[in-house]
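The values are calculated or read from the model by the stated rules, or taken from the named source; none is laboratory data. All figures in this text were calculated on a predicted structure; none of them were measured in a lab. Here the Cβ positions follow ideal geometry from the backbone for every residue, glycine too, while neighbour counts run over all protein chains shown.
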Amino acid sequence: MPIFIDARIPVVFAPAGTAGRGDALLIEGDAATPAGLPVARFSVALPGHALGCACCAPRGPVAEALHRLFLARARGTAAFFARVVVTAGPDGEAAVRQALAGDAFLAGRYRPAALP
């Protein structure tokens, strides 16, 4: 029987305080973060433009933030992480879920997961 291993990075939704060693943070806005963890930030509010307009965010702010995290991990410029903890409000959480479901790059590298 074949064994299937999903090597994509799990993404969970939880307060920043639950992140620990081996985690990265994806944070909506400018909330404080624990020291020593890779962090990427995003904002779903783009003043004056529709969310994801072609002039400002071709892939969207969540996709860009997760892309930066992945590149930092791959290049070794950030500590290696095995999980991404998302700290966001309801709109931010919806934007992350939508990006994970609709962006081919993200779908190949990240997967939604539940807290253990």
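Annotations for the structure displayed:
- Only listed residue being more than 10 Å from the chain's Cα centre (by Cα), modelled with pLDDT under 95 and in a loop (DSSP other than H, G, I, E, B), chosen from A101, A79, A107: A79
- Looking only at residues in segment 82-98 that are touching a strand residue (DSSP E or B) at 6+ places or on another chain (Cβ under 6 Å) and assigned to a helix (DSSP H, G or I), the one that is surrounded by the fewest Cβ atoms within 10 Å (Cβ to Cβ) is E93.
- Qualifying residue in segment 60-70 (condition: at pLDDT below 90 and farther than 15 Å from R8 by Cβ): yes
- Residues in segment 9-42 that are touching a residue at least 60 places away in the same chain (Cβ under 8 Å), part of a loop (DSSP other than H, G, I, E, B) and either crowded, with 16+ Cβ neighbours inside 10 Å or touching a helix residue (DSSP H, G or I) at 6+ places or on another chain (Cβ under 6 Å) (or both): 1 in all.
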